[in-house]
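Engineer: Structure in structure tokens, see below.
Rule-based calculations on the coordinates, nothing more; no lab input. Not measured: the values here are computed from a predicted model. Positions of Cβ are backbone-derived with ideal geometry, glycine not excepted, and every protein chain shown enters the neighbour counts.
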Amino acid sequence: MSQAKVPTWVNIALIPALNIMLAFLVSGLVILAIGENPIEAAGYLIYGAFGYDEGIGYTLYYATNLIFTGLAVSVAFKGGLFNIGGEGQAYIGGLGVGLVCLSLDHSMPFYVIAPLAIVGAAIFGAAWAYIPAYLQARRGSHIVITTIMFNFIASSLMVYLIVNWLKEDGRMAPNSRTFEENAWLPYLHELLSPLGIDIGDSPLNLTFIWALLCCVFVWGLIWHTRWGYQLRTLGTNPTAARYAGIDTAKVTIWAMLISGGLAGFVGLNEIMGVNHNLLLNFTAGYGFAGIAVALMGRNHPIGIILAAILFGALYQGGAELAFEIPTITPEIVIAIQGLVILFSGALEHMFKDRIEGFFIRRAVA
Amino acid sequence: MPYAIELRDISKRFGAVQANKDICLQVPAGTIHGIIGENGAGKSTLMSIIYGFYEADTGHIEVDGKRVDIRSSQDAINAGIGMVHQHFMLVENFSVLENVILGAEGGAVLKNGIGAARVELQRLAQEYSLDIDVDAIVEELPVGLQQRVEILKALYRGARILILDEPTGVLTPQEADHLFRILKALKDQGVTVLLITHKLREIMASTDNVSVMRQGEMVAHRETTHTSKEDLAELMVGKKVRLTVDKDDAQPSEVLLSARDLSQFDSQGVKRLKDVSLELRAGEILGIAGVSGNGQSELLNVLSGIAPMSEGEVHFAGQVITAKAPKDAAQMRDLKMAHVPEDRHKMGLVTGFEAYEAAVLGYHNSPDYNGKVLMNRKAMLDECNERMAAWDVRPPNPHLKTANFSGGNQQKIVIAREVEQNPEVLLIGQPTRGVDIGAIENIHEQIVKLRDSGKAILLVSVELDEIMALSDRIIVMFDGAVVGELDAKDADERTLGLMMANAHQKEQEDEEQEGESA
Amino acid sequence: ATEPAVVYDQAGKFDKSFNEGVYNGVKEYTAETGIKVREFEPKNEAQVEQGLRRLAKRGYSPIVTVGFNMTSAVEKVAKDFPEVNFTIIDGVIDLPNVQSVVFKEQEGSFLVGALAAMASKTDTVSFVGGMDIPLIRKFACGYEQGVKYQSSSATILQNMTGSTGAAFNDPTKGSELAKSQFSKGSDVVFAAAGGTGIGVYQAAKDDGKLAIGVDSNQNHIQPGTMLTSMVKRVDQAAYKTYKDAAAGTWKPGMVVLGLAEGGVDWALDDNNASLITADMKTKIKAIRTKIVSGEIKVHDYMSDNTCNY
Amino acid sequence: MFETLILMLDATMRVSTPLIFAALAGLYSERAGIVDIGLEGKILGSAFAAAAAASVFGSAWVGLCFGILASVGLAMIHGFACITHRGDHIVSGVAINTIVAGLTVTLSMYWFGMGGQTPALVGDARFLDITFPFADAMESVPVIGAIYSNLLSGHNILVYLAFAMVPVTYWVIYKTRFGLRLRAVGENPHAVDTAGISVSLIRYRALIICGILCGLAGAYLSTAHNAGFLKDMSAGKGYMALAALIFGKWRPVPVLLACLLFGFLDAVAVRMQGVVIPGIGEVPVQAIEVLPYVLTVLLLAGFIGKAIGPKAIGRPYVKERA
Ligand SMILES: Nc1ncnc2c1ncn2[C@@H]1O[C@H](COP(=O)(O)OP(=O)(O)OP(=O)(O)O)[C@@H](O)[C@H]1O
Ligand SMILES: Nc1ncnc2c1ncn2[C@@H]1O[C@H](COP(=O)(O)OP(=O)(O)OP(=O)(O)O)[C@@H](O)[C@H]1O
Ligand SMILES: [Mg+2]
Ligand SMILES: [Mg+2]
């Protein structure tokens, strides 16, 4: 009711902008405190993220992962579930991709492997989400905990499998053999160069397009299908869901399966797109970052894409920053990320209320 | 002598909504002052302001002639004001005692305070016949007693002015009568009472003065003795309204739904529904009277498929439904059974949805609203617009969040949704709880219309007026079982009241118990 | 002029051990020549390769890369930049523009093993490994041989901290492992576990046992209870790379550094002088010469992935 | 056998101490209705502040104070976001964890230039173990002796404090005015508000206590259990504590038991590392590492069923009809 009077651009543009600016302001102070020049730093950061083709490529490459985990979190959220297990689901999703590639790259052509890898990522990721989902739906076990636990279990499982089974003998680093080229997802710069388009070489690969497709899919699924309707009902009012004859357990489980599957696609990007072998810890916290992405993106695909790009920019720009100014440890970027989450996530209302109030008063008067 | 409480030009705005506008009110000490108004008229808001729960934008309050500025409930309490909220403000898993002393513990360590509190509660219990087990856990108490706890809270803090917002909405006649005896007692002790209600009967019965609110403004003050229900009703809605439903006698025909020995055990294994058998015929309204919490909710949930039955069977639409062969809510709907739940906020609606989405809840799978893959938003919107017009839902805006409609209008959305499905059987619980008179009339007409079109209606309500006005047959439930059935014609408040208290057959009750124990 | 650069592994250049060793070499070179060395500490897999490419693109050469973790990344980048010279420490890459430096850790471990056996009163000594990989087992195996050589009756307790990179940076676990070994009778512990070692040395200090450091000279970390350190001169590897490159004598291919080449050794300074008796010194000297002369053959675990000698 | 058991339990006490502090911290905040997945961050922040201060001032106690200050500061940020500005509790928690993970390393880099570590702490800069009277004398006595002098004796003051905090918490939560209001606020803030008590004030107080306890947990890690700060040294203990909290259904004593269980499993895991069991051969390290989590899930699924938390938890308090 009250929102009605507030111009939309205020909510979707002005307020987020203010929040993010505030985050960067504080970050600047931190950089100042450690005796570096914030302006210069910001310069490097922005240049690194958007200043040149390769940089943009890296930004979007990071964003790809964050889109997947962001979507994963938001799908679960819509069903009132807090899936904090994106990390583990992504990890196991990668295992799925890796197994497909390792087993088929000698025998099968790319156009067979790629779809199978997608399926593999989805199935493995979903499978990892299934148990917590089942326990939540049928046994009422707290899903936040079970998913946290499953993150730890996933990482141990992966270590065991890679170290004891998938590692090449004599190889020191714990990762599998490198796949044959026909099991590599093409880099976008490779795809575009024939068309005379040069985007500088970066890990950005076909997975990015897939990520965008997933956004469309999720959007349609949640806001334009019966299942989405049931999911949102369950998420906002479980009692009403039972009244409406919705099989809540089933919806819960499916929500988590889809969530896990989406998270699993991180494996696509990392394993098949970039590293071309199965290795440890390739999820590097994307699962947790996804929580922030989803919340900043207001659980809406468009918002998630934007939030993902913002974070991608921080990852990439941060690497650039640390490279150019060695006294700034890359970790400061993590701190900056945190501040962004704080201001545009947790403290979103700080400006919101005042500003909206202002506009409402204006509208009413 | 000065007024116990006086309001001067109180205004309050919520965002775009002017909830209260230049309200002036004078309440003489030691009187019971009624405040009535349609849903959303601003009553709750005004009371919340007096109690310091909201702060007024303008205007001020005087207590006993002295100006007080009330910024928090603490200030209100200090000024001797207590309030029983429309929605109880109790910590459900706390004991009565803990709830009462909360905020007035008397000492950093509980041990000291608690003893004193016990004594004081005993005294109050004596004085106002408010007896209650102070160690009971609140959520295990019936609503009537929970309300008593609220009153005790206020008195324990030495309230001289007591505000009650729609106190009888959840009470049985007996409980309500008891409440009014209590209010009387309070009045005799010199306590001033502000009573908000939708029920003119109560206003006429118990108040000294009454003020009427409409759309945020005070539109009239009356001495109760110098006014009438009709007069007040007109003031409230601004048009003449009839308080009785006129309908021809029912033409009951074939049995559409019959239940045999329905029983249900809850998670603790307690038998909530006890061998209920009933028959529901086409073209009749079967009213179920009973103190709320005596199995009506369970009955509705079992019949509608929301909750599984434990024993017995239901025959409906050629199907036999048993504990072995259950049907869920969706399947029952497909068999053309519609259900208006007792609690619209908890069950009937998704308050976060826009009106047009909430308007298909339960029927979201129907082909009318779906394409092959995607839902058909246009179809949903068009239909919602029609219904809002037909049922006079205000504001008629399909895109408004359901939460932002008033209870009355929310109820219209729910009833419209279920009735418009043109079901064979309609289960309807508390159809007019907290709904204003204008809406009540409309809703009652629709129910009767459905009956006359040869459908069967099962009506659950704690409003005896409503039961008697609408029903053709009346079943009374007590403690999960059916304790009596009678024709609406032979029903009057007293007999029903006795049956609801299961007082009409005390002796044979006892015999049965001996039989069991033997 | 050469534009030297170094890329540390994800443990960072202050890991108190391996990377820090390289860092010391870098410092030494800069101090001596005044030439700044471009340093980069990647934070994830993607950044390793990204950083290497950046450096290569900007014409840095030679680029010293630290640790087997980087093998695959260096391999990729070295292929794409044939004119840039890379040195990888502890990894083996067969490319015309890559020098692979590996050490005979088993020899150094043998020495400190023998020393441990001499110092032990309970005739029980122990080993805490970091990540369970062939390289670390190579340390363990050498250590074991040294102990047995000195006292065939000795018992040797062995624990690996874990099987991921994290195992190199988990002092809490390190100290818990050490404590459990002490409770089983060990009174000298050798930690080849990077940062995890810190916890081990701490535990030894707290329980009044002896500990042996690894990679760089760690005797200073707990003066008085550090029996010695098995130094692995990664600093020299880095330092030499820069020197040779400057002099134009840098060559690709394998470089193996053992006792003879001064690539590994045991550390003696005034932090542990009080713990090493003259008699110990002479015995160790003897063993040392025997190894160098080849009279004692120390089995290399990685030659057959077993520790049968 | 008995010997090793004693040693296990001894280790258990050491390992579960930070869990106990953190879980109790979570208990205060969540009983007041504030979800706190920021435990992890508070522990880490305190661990750094404590180690840094301890190494600068050469006193573990000064370190402890700074650790607590840092942790309480973070708790207040959480409060400012969740209470004052009705922000999402989970996001705020994630934010704090992330900020701390980055800031600790950055600052220690800037101050100590040792790659996100603080200098190793020696002497008074660390909490040293306390030996009970006659511990050595008792050692020889069978059973009791072992228990007294190996298990009970010989821990640092913080360990004993952690265990002492459990009964204290029980008393505060169930027997005091503050406890009553705290629980009420977590169940139905409207009731508290209409009783004339400030919801925000209670919640802020709860968070301050939460901060203090996390501060103790962090200080323990860096100045008692270890001797100095290392980046990410909290290593998921915050999440573990959260698990223990829910595992113990938000009640002090069950929470303690949960912490001890997790601690014990951890101690087992460390000791079983690479041990070759006759007949079975070497148990894969990961199988042991994973045991605590698997068991937790199993228990969650099987025995403790629905974990029903405070009703109003995670919901920001706004004055509106409930
Ligand atoms: N918390 C709130 N936020 C925004 N607007 C509100 C709020 N509470 C009430 N309002 C506005 O104030 C008006 C008066 O609401 P109020 O609850 O006082 O009506 P009421 O007279 O109590 O209705 P009823 O008789 O159904 O209880 C409403 O129309 C609504 O628009
Ligand atoms: N959170 C809110 N924001 C804006 N308006 C609100 C809010 N809550 C209620 N309202 C407004 O309050 C008015 C009355 O709402 P209210 O809840 O008082 O209905 P009600 O008739 O009191 O329901 P009931 O009597 O069953 O409690 C409606 O017009 C609605 O728009
Ligand atoms: Mg109201
Ligand atoms: Mg109302």
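Engineer: Report, as an integer, the average count of C-beta atoms from other chains found within 10 Å of each Cβ along C:67-73.
Structural biologist: Average per residue, whole number: 4.
Engineer: Measuring from label point to label point, each 7 Å out along Cα→Cβ, what is the D:Ser140 to B:Asp249 span in nm?
Structural biologist: 10.7
Engineer: Expressed as a fraction of 2.2 N^0.38 Å, the rule-of-thumb size for a compact globular protein of N residues, what is the C-alpha radius of gyration of segment B:249-390?
Structural biologist: Working: Rg = 17.3 Å, N = 142, 2.2 N^0.38 = 14.5 Å.
Its radius of gyration relative to the 2.2 N^0.38 Å reference: 1.20.
Engineer: Could you work out how far apart the two model spin labels at C:Arg58 and B:Glu279 are, taking each label as a point 7 Å from the Cα in the direction of the beta carbon, and quote it in nm?
Structural biologist: 9.3
Engineer: Among D:216-229, D:199-212, A:33-46, C:293-306, what's the highest-first ranking by average C-beta atoms within 10 angstrom per residue? Intermediate results must be reported in sequence, preceding the final value.
Structural biologist: Values: D:216-229: 29.4, D:199-212: 21.8, A:33-46: 16.0, C:293-306: 13.9.
Top to bottom by mean Cβ count within 10 Å: D:216-229, D:199-212, A:33-46, C:293-306.
Engineer: Positive end of the dipole of the protein assembly as shown, charges at C-beta (+1 Lys, Arg; -1 Asp, Glu), about the Cα centre: which of B:Val291, A:Leu71, D:Gly67 has its Cα farthest in that direction?
Structural biologist: Comparing the listed Cα positions along the dipole, D:Gly67 ranks first.
Engineer: Across segment B:276-403, how many lysine pairs separated by 8 or more positions, or lying on different chains, have Cα atoms within less than 30 Å?
Structural biologist: So the count works out to 13.
Engineer: Could you give the dipole magnitude of chain C about its Cα centre, charging the beta-carbon of Lys and Arg +1 and that of Asp and Glu -1, in debye to the nearest 20? All intermediate terms of the calculation are to be shown ahead of the outcome.
Structural biologist: Details: 33 positive and 36 negative charges, 34 e Å.
Magnitude of the dipole: close to 160 debye.
Engineer: Continuing with this model, one more query. What list do you get for A:Met256, D:Met165 if you sort them by fewest beta carbons within 10 Å?
Structural biologist: Details: A:Met256 30, D:Met165 19.
In increasing order of surrounding Cβ atoms, one gets D:Met165, A:Met256.
Engineer: Provide a whole-number value for the mean count of partner chain Cβ atoms within 10 Å of the Cβ atoms in peptide B:478-490.
Structural biologist: Numbers: counts 0, 0, 0, 0, 0, 0, 0, 0, 0, 0, 0, 0, 0.
Shielding by partners across B:478-490 averages 0.
Engineer: Given charges of +1 on the Cβ of Lys and Arg and -1 on the Cβ of Asp and Glu, with all other atoms neutral, how large is the dipole of the protein assembly as shown about its Cα centre, in debye to the nearest 20? It would help to have the intermediate numbers written out before the result.
Structural biologist: Values: 124 positive and 154 negative charges, 473 e Å.
Roughly 2280 debye for the protein assembly as shown.
Engineer: Using a simple charge model, +1 on the beta-carbon of Lys and Arg, -1 on the beta-carbon of Asp and Glu, nothing else, what dipole does segment D:16-238 show about its Cα centre, in debye to the nearest 20?
Structural biologist: Details: 12 positive and 11 negative charges, 121 e Å.
Here segment D:16-238 has a charge dipole of around 580 debye.
Engineer: On to the next question. Sort B:393-400, D:183-190 for me by packing, meaning the mean count of neighbouring Cβ atoms within 10 Å per residue, highest on top.
Structural biologist: Working: B:393-400: 16.5, D:183-190: 25.4.
Ranked from most to least packed, the peptides come out as D:183-190, B:393-400.
Engineer: What are the ³J(HN,Hα) couplings of segment D:221-232, residue after residue, when phi is run through the Karplus curve with 6.51, -1.76, 1.60 and θ = phi - 60°? Round to Hz, x for glycine and proline.
Structural biologist: Result, ordered by residue: 4, 8, 10, 10, 5, 10, 10, x, 9, 10, 4, 6 Hz.
Engineer: Please compute, for peptide D:113-121, the average count of beta-carbon atoms on other protein chains lying within 10 Å of each residue's beta-carbon. Please report the intermediate quantities before stating the final value.
Structural biologist: Working: counts 2, 5, 13, 4, 8, 0, 0, 9, 1.
Averaged over the peptide's residues, the number is 5.
Engineer: Going by amide H atoms built from the backbone, whose H comes under 5 Å of the H on B:Phe94, apart from near neighbours?
Structural biologist: B:Val138, B:Glu139
Engineer: Working from Cα positions, state the angle (0 to 90°, nearest 10) between the long axis of helix D:291-302 and the longest principal axis of chain D.
Structural biologist: In chain D, helix D:291-302 runs at an angle near 50 degrees to the longest axis.
Engineer: While we're looking at this one, here's another question. Given the convex hull over the Cα atoms of segment B:345-422, what projected area results after averaging over all orientations, in nm²? Don't jump to the answer; show the numbers that get you there.
Structural biologist: On the way: hull surface 19.0 nm².
Approximately 4.7 nm², given one-decimal rounding.
Engineer: While we're on this one: Using all alpha carbons of segment C:69-222, what is the percent of pairwise distances in each 5 Å bin, ordered from the shortest bin to the longest?
Structural biologist: 2, 10, 18, 19, 17, 11, 8, 6, 5, 3, 1, 0
Engineer: Ranking B:Lys43, D:Lys319 by Cβ neighbours within 10 Å, fewest first, what do you get?
Structural biologist: Details: B:Lys43 25, D:Lys319 13.
With the sparsest Cβ surroundings first, the list reads D:Lys319, B:Lys43.
Engineer: Also, quick follow-up: Using a Förster radius of 22 Å, what is the FRET efficiency between A:Glu168 and A:Phe110 based on their Cβ-Cβ separation? Nearest 0.05, please.
Structural biologist: Working: r = 23 Å, r/R0 = 1.04.
Given R0 = 22 Å and the Cβ-Cβ separation, E is 0.45.
Engineer: I need D:Met272, C:Met254 ordered by Cβ neighbour count within 10 Å, fewest first.
Structural biologist: Details: D:Met272 18, C:Met254 11.
The order, fewest Cβ neighbours first, is C:Met254, D:Met272.
Engineer: Right, next: At a 10 angstrom cut-off on C-beta neighbours, averaged per residue, how do the peptides C:185-194, C:231-240, D:3-12, C:82-91 rank from highest to lowest? List each step's numbers first, then the result.
Structural biologist: On the way: C:185-194: 27.2, C:231-240: 23.6, D:3-12: 16.8, C:82-91: 22.0.
Those peptides, ordered most packed to least, come out C:185-194, C:231-240, C:82-91, D:3-12.
Engineer: So, one more: According to the Cα gyration tensor, what semi-axes, each the square root of 5 times an eigenvalue, does the equivalent ellipsoid of chain B have, listed from largest to smallest in whole Å? Before the final figure, lay out the partial values.
Structural biologist: Working: eigenvalues 310, 176, 99 Å².
They are 39, 30, 22 Å, listed from largest to smallest.
Engineer: So for the protein assembly as shown, considering every pair of alpha-carbon atoms, how many percent are separated by more than 44 Å? All intermediate terms of the calculation are to be shown ahead of the outcome.
Structural biologist: Working: 604546 of 1145341 pairs.
The proportion of pairs with Cα distances above 44 Å equals 53 percent.
Engineer: I've got another one for you. So what's the angle, to the nearest 10 degrees on a 0 to 90 scale, between helix D:2-31 and the longest Cα principal axis of chain D?
Structural biologist: 10
Engineer: Hey, another quick one. Sequence-distant or interchain residues sharing an amide H contact under 5 Å with C:Phe127, placed H: which?
Structural biologist: Here the answer is C:Leu157, C:Gln158, C:Asn159, C:Phe190, since their amide H atoms fall under 5 Å of that of C:Phe127.
Engineer: HN-Hα J couplings of segment B:384-398 from phi, Karplus 6.51/-1.76/1.60, θ = phi - 60°, integer Hz, Gly and Pro as x?
Structural biologist: These are the phi-based 3J(HN,Hα) values: 4, 4, 3, 4, 4, 5, 4, 9, 6, 7, 10, x, x, 10, x Hz.
Engineer: Lys/Arg Cβ at +1, Asp/Glu Cβ at -1, dipole of segment C:35-142 taken about the Cα centre: which of C:Gln50, C:Asn97, C:Val112 is farthest positive-ward?
Structural biologist: C:Gln50
Engineer: Now, a different point. Against the globular-protein guess of 2.2 N^0.38 Å, express the Cα radius of gyration of segment D:16-238 as a ratio, rounded to two decimals. Can you show the working numbers first?
Structural biologist: Details: Rg = 18.9 Å, N = 223, 2.2 N^0.38 = 17.2 Å.
That ratio works out to 1.10.
Engineer: Around B:Val109, which amide H atoms from residues at least 5 apart in sequence, or from another chain, sit under 5 Å from its own amide H, with H modelled in the peptide plane?
Structural biologist: HN-HN under 5 Å from B:Val109: D:Arg177.
Engineer: Calculate the FRET efficiency for A:Ala363 and B:Asp177 from the Cβ-Cβ distance with a Förster distance of 30 Å, rounded to the nearest 0.05.
Structural biologist: The calculated FRET efficiency here is 0.05.
Engineer: Once you measure Cβ to Cβ distances between cysteines in the protein assembly as shown, which Cys have no partner under 4.7 Å?
Structural biologist: A:Cys101, A:Cys214, A:Cys215, B:Cys24, B:Cys384, D:Cys65, D:Cys82, D:Cys210, D:Cys214, D:Cys259
Engineer: Further question on the same structure: In segment B:5-237, how does Rg compare with the Kirkwood Rh, expressed as the Rg/Rh ratio over alpha carbon atoms? Write down the numbers at each step before the final one.
Structural biologist: Numbers: Rg = 17.5 Å, Rh = 18.1 Å.
That ratio equals 0.96.
Engineer: Could I ask something else about it? Residue by residue, what Karplus-based ³J(HN,Hα) values in Hz, rounded to whole numbers, does segment B:184-195 have, using 6.51, -1.76 and 1.60 with θ = phi - 60° and x for Gly and Pro?
Structural biologist: Couplings: 4, 4, 4, 4, 4, 7, x, 6, 9, 10, 9, 10 Hz.
Engineer: Another one. Which FRET efficiency value, to the nearest 0.05, is calculated for A:Arg226 and C:Glu39 with the Förster distance at 60 angstrom and r the Cβ-Cβ distance? Present the calculation step by step, with values, prior to reporting the outcome.
Structural biologist: Working: r = 58 Å, r/R0 = 0.96.
With R0 = 60 Å, the Cβ-Cβ based efficiency is 0.55.
Engineer: Write down the Å³ per residue value for the convex hull defined by the alpha carbon atoms of segment A:68-284. Write out the running numbers ahead of the final one.
Structural biologist: Numbers: hull volume 27.9 nm³, N = 217.
Expressed per residue, the convex hull around the Cα atoms of segment A:68-284 is 129 Å³.
Engineer: Then there is this: State log₁₀ I(q)/I(0) for chain A at q = 0.06, 0.12 Å⁻¹ as given by the Debye formula over alpha-carbon point scatterers of equal weight, solvent excluded.
Structural biologist: -0.24, -0.95
Engineer: In nanometres, what is the gap between the two model label sites at D:Val318 and A:Thr327, each 7 Å from Cα along Cα-to-Cβ?
Structural biologist: In this crude label model, D:Val318 to A:Thr327 measures out at 4.6 nm.
Engineer: Additional query: Tell me, what is the Rg over Rh of segment C:210-309, with Rh the Kirkwood radius over Cα pairs?
Structural biologist: On the way: Rg = 16.2 Å, Rh = 15.7 Å.
When Rh is taken as the Kirkwood radius, the ratio is 1.03.
Engineer: Please check which bits of segment D:57-92 a label hung off D:Asp124 would reach, taking the label as a point 7 Å along Cα-to-C-beta and the cut-off as backbone N under 17 Å.
Structural biologist: Label zone hits: D:57-66.
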